[in-house]
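Here the structure is laid out as structure tokens; the discussion comes afterwards.
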Amino acid sequence: MDAGLVVVLLGPPGVGKGAQGAALAEWLSAERVVTGDLLRAARREGTELGKKAQAFMDAGDLVPDSLIVEMVRERLTELPVDRGLLFDGFPRTAVQAEAFGKVLAGMGRALDAVLLLEASDETLVRRIGGRRSCPQCGRVYNVHLDPPINEGICDECGAVLDHRKDDRPETVRHRLGVYREQTEPLIDYYEKGPVPVLRVDGEGAIEDVRRDMQRALAERLEVEG
Ligand code: AMP
């Protein structure tokens, strides 16, 4: 059997990577590798990595590349070798992108596509402002787009939802600046390489964006729709 596709979901914070990721991964029969979620889980569990990452995350800064690359490398060893992979929130710097290419090559795999979700800063700030997450199970909601059944309470586990420290307005602006400075150059990096960069407008409703993402991938990569 052929190995599954390897896809990177790229885009600014709040553009909908998290909201789209689960359904997209299911459609691709892929495993999601979400570095923000892995880091938040490490923090909840109080691991050494979690402790090291904490201050960077709360300030809206990037966690050092070496920690991230090691974390991703370790996560990949836990997954079946031929499974499709959907990366969300990684890579985020040129150093990570280089290291990522090498990690994949070491596994005898290669990137198939970069899916770039885009939206205006205004949309991003509004969406992140509405984001609430469960401190217990990690599920993310949006009070405007995807609210829980009972206000402020997690549908899955009943915990009281939290407004992430790094989702507060002053930190959100900073995170967008970090994205523009450190992550946006990856668009150019990948556009110069052999892998298709598929741009999708992330402004619309969740279902419309999902359809556009699937269409973009299906057109370029013979994924069954
Ligand atoms: P996210 O949920 O993807 O917005 O990530 C939340 C925070 O985790 C970011 O603001 C960073 O502090 C950290 N983080 C997640 N992924 C990465 C990455 N690939 N490189 C560096 N820091 C990351």
Q: May I ask you to list the residues in the range 124-138 that are open to solvent by 20 Å² or more (accessible area, probe 1.4 Å) and within 11 Å of D162 (Cβ to Cβ)?
A: R131, R132, P135, Q136, G138
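Looking only at strands (runs of 3 or more DSSP E) that lie completely in the range 82-135, which have at least 1 residues being within 14 Å of the ligand (Cβ to nearest atom) and hydroxyl-bearing (S, T, Y)?
The strands (runs of 3 or more DSSP E) meeting that bar are 131-133.
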Q.
So, restricting to helices (runs of 4 or more DSSP H) that lie completely within the range 151-225, which ones have at least 3 residues that are aliphatic (A, V, I, L, M)?
A. 169-178, 206-221
Q. Which numbered condition trips up L116, out of (1) over 17 Å from the mean Cα position of the chain (by Cα); (2) closer than 30 Å to A218 by Cα; (3) open to solvent by less than 60 Å² (accessible area, probe 1.4 Å)?
A. (1)
Q: Show the residue pairs that are 6+ apart or on different chains and have beta-carbon atoms under 6 Å apart, the first residue being within the range 106-121 and under 9 Å from G11 (Cα atoms), the second being among the aliphatic types (A, V, I, L, M) and at pLDDT below 95.
A: L117/V15; A119/V15
Q: Return a yes/no flag: does the range 64-81 have any residue that is within 13 Å of the ligand (Cβ to nearest atom), of a type in the set (A, V, I, L, M) and free of Cβ contacts under 8 Å to residues at least 24 places away in the same chain.
A: yes
**Q.** Among the residues listed as R40, R32, the single one being touching a residue at least 24 places away in the same chain (Cβ under 8 Å), of a type in the set (K, R) and in contact with a strand residue (DSSP E or B) (Cβ under 6 Å, 6 or more places away or on another chain)
**A.** R32
(Q) Take the conditions within 12 Å of the ligand (Cβ to nearest atom), buried (at least 18 other Cβ atoms within 10 Å of the Cβ) and not in a loop (DSSP other than H, G, I, E, B) and apply them to L39. Does it pass? (A) yes
Q. Of the residues that sit in the range 144-179 and are closer than 21 Å to G11 by Cβ and free of Cβ contacts under 8 Å to residues at least 24 places away in the same chain, which one is least open to solvent (accessible area, probe 1.4 Å)?
A. G177
Q. Is it the case that some residue within the range 19-34 is part of a helix (DSSP H, G or I), open to solvent by less than 40 Å² (accessible area, probe 1.4 Å) and within 11 Å of the ligand (Cβ to nearest atom)?
A. yes
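The values are calculated or read from the model by the stated rules, or taken from the named source; none is laboratory data. Note that this is a predicted model, so its numbers are computed, not measured. Quick reminder, even Gly has a Cβ in these numbers, built from the backbone with ideal geometry, and neighbours come from all protein chains shown. Areas reflect the complete protein model, heavy atoms only, side chains present, ligands, DNA and RNA absent. Shrake-Rupley method; radii C 1.70, N 1.55, O 1.52, S 1.80 Å.
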